[in-house]
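I have placed the structure first, in the form of structure tokens, so that the comments after it can refer back to it.
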Amino acid sequence: QGIDSHIVIIGCGMSGIGAALKLTKEGFKNIKIIEATGRSGGRIKTTTFGNVIVEIGANWIHGPSKANPVFQLACEHGLLDSQAMSEENQALDVEGHPSFQSFYSSSGNKLTPELTKSVSQLFLTLLGKSKEFILTEKEPYPSVGEFLKKEIAKHAVEWKDDAETKKLKLALLTMMLKLECCFSGTHSMDLVGLGAFGGYKTLPGLDCTFPGGYEGLIDAMMKGLPESIVSYNNPVKCVHWNWSFRGANSPEQTFPVMVECENGETVPANHVIVTVPLGYLKEHYETLINPSLPLSKVHSIQRMGFGTNNKIFLEFEEPFWEPDCEVINLIWEDETPLADVKPDVNQFWMKKIFGFTVLHPPERYGHVLCGWIAGHESEYMETLSDTEVKNSMTEVIRKFTGNPSITPKRILQSKWHSDPYTKGSYSYVAVGCSGSDIENIVQPLPLQETDTKPLQVLFAGEATHQSFYSTTHGALLSGWREADRLITHYTQSPLISQNFS
Ligand code: 6YU
């Protein structure tokens, strides 16, 4: 029983796997996933680093609590530790922000908690305000960055501190803007639209990691699918739609869509779910879909933002941080968000790193830090060798700690911008775009619902989720959404549902 639906899913990341699982569970047959690379998981990617495992892509379950389907799945598969699953952990609401811990400055000093607390509080308040514009018609500034900088300037004139403290406060705020760039996956907060910024929703729960690696969840999910469902190392070249293609094994049957792969293989289908990353779609939409996408979709794809956030893993013989330290923030004392300077990316790329997260617990990870860097500087870093990056990191850490002998023994950097099938890290709502751009991208083809062959090309992937874009749960929910669209179509259409029992 079930329905011979001939559905092709392009991309074997969280959204593609999620869609395939839901359709399979509902009894749909003849589903194929076509994946460009040799592995499942896409931007969920766990690897070894010396003797430990690290995440090259997604790191945390953001908001691990009941409403988060990734958390639910991880619990069902027994992949989290008891602390992450505890009711207390699920109830904590920190709105997705890590706690600021150690603050090192470029003159080799540590900043006092009094100073860092008040500045962190100010930044979080302003960030909260910047999310309120979703509720109003008014956008006093086009971007989150411009709003934050104007507000910082207003506060700065009220500060009664001495000149040195004022300078440090501004330097701290610059670091926080860099952190926010990593979080939003953008080069600058000046590129993030103010009106739409509040559309991103956080869930309760203190962000948690997978002790055995995020990819363990992908492995567990893949076990629920038929073994031969994925065709690996098979990049799709073009999705031809709105046509009538004959099936290779059943020439009497015709299909409205045909997926053409780079290797010349052709796969006829009734429906195709495209889950390629927005970065890939931005570069390839002209050739990936034939006939071309409607202009409304093209404009939304162009308007939506997709930036780079990379990681730099460093392993040390001994920790130079305190045992309970979670985040080491780097404050360049000469920086201020109020000066409009164009950075020299090639020479000073490393100044864009906001800091390092400490991999906890040391019994599992040894002494490993993860540096975070977003934007053009991050993309430039991808062109450098590991040795060049390691040397720069050594110099930075020595400068900030005042310890001339600290040397990382191993390094690993992610390179999401040069990944040909991703072209960056994740999406953000750019200046000039709104939630309706996400809606436009989601609309299946053909756009007319009355078409005799509806739902030929559907769109999923993290960038297509209105409130959880840029996350794994957003990706999973988007895959489920498109699977549900097909399930509803087949179960509600009287003729088709006769076939489906
Ligand atoms: C999360 C986190 N996290 C860090 C870094 C990255 C990401 N995310 P996929 O790309 O997985 O799959 C598509 C497949 O398509 C892929 O396999 C391709 O090979 C394939 N493909 C492409 N072209 C093809 C072709 N032509 N033919 C065939 N196949 C093709 N998410 O929840 N927690 O900690 C992080 C992080 C460095 C890079 C993350 C995190 C994002 C997730 O990884 C990502 O959303 C999903 O895995 C995507 O799944 P998918 O199926 O859509 O695509 C206010 C406000 C601000 C908003 N942002 C705040 C949220 C913060 C986001 N997260 C933070 C960052 C971290 C640390």
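General remarks:
- Of the solvent-accessible surface of region 15-109, computed with a 1.4 Å probe and all protein chains present, 49% belongs to carbon and sulfur.
- Derived value for region 182-244: Kirkwood hydrodynamic radius 17.3 Å. Basis is the mean of 1/r over every pair of different alpha-carbon atoms.
- Region 397-489 - accessible surface per residue (Å², probe 1.4 Å): 38
- Cα long-axis angle, helix 472-492 against the chain (0 to 90 degrees, to the nearest 10): 20
- Full extension of the chain between D324 and H489 yields a length gain of 54.1 nm, computed as 0.36 nm times the residue separation minus the alpha carbon distance.
- Here the contact order of region 1-82, divided by its residue count and restricted to Cα pairs under 8 Å and six or more residues apart, works out to 23 percent.
- Modelled spin-label separation between S296 and E283, with each label point placed 7 Å from Cα along the Cα-to-Cβ direction: 2.9 nm.
- Above-threshold pairs, the threshold being 23 Å between Cα atoms, out of K342/K390; K129/K154; K117/K160; K169/K351: K342/K390
- FRET E, pair Q347, L135, Förster distance 41 Å, beta-carbon r, rounded to 0.05: 0.45
- Descending semi-axes in whole angstrom, ellipsoid equivalent of region 1-88, from the Cα gyration tensor: 28, 20, 10
- Under the combined filter of DSSP loop state and at most 16 neighbouring Cβ atoms within 10 Å, region 1-90 retains these trypsin sites (Lys or Arg not before Pro): R39, K66.
- For the chain, convex hull of alpha carbons as volume per residue, Å³: 157
- Over region 361-496, relative contact order from alpha-carbon pairs under 8 Å, at least 6 apart, %: 13
- Region 104-173: GluC sites (Glu not before Pro) in DSSP loop, at most 15 other beta carbons within 10 Å: E137
- Evaluated with a Cβ-only charge set (Lys, Arg +1; Asp, Glu -1), the chain carries a dipole of roughly 480 debye about its Cα centre, given to the nearest 20.
- Full extension of the chain segment joining E262 with L447 gains 63.9 nm, where the gain is 0.36 nm per residue of separation less the Cα-Cα distance.
- For region 192-315, the per residue solvent-accessible surface stands at 40 Å², with DNA, RNA and ligands left out and a 1.4 Å probe.
- Zone residues, region 144-158, relative to L115, backbone N less than 18 Å from point 7 Å out along Cα-to-Cβ: 156-158
- Relative contact order computed over the chain (Cα-Cα under 8 Å; 6+ residues apart), in percent: 24
- Region 379-433 versus region 1-55: alpha-carbon centroid distance in Å: 29
The values are calculated or read from the model by the stated rules, or taken from the named source; none is laboratory data. Because the structure is predicted, anything quoted here is derived from the model rather than measured. Because the Cβ atoms are built from the backbone with ideal geometry, glycine has one as well, and the counts that use them run over all protein chains shown. The protein model used for the area step is the full one, side chains on, heavy atoms only, and it has no ligands, DNA or RNA in it. Shrake-Rupley method; radii C 1.70, N 1.55, O 1.52, S 1.80 Å.
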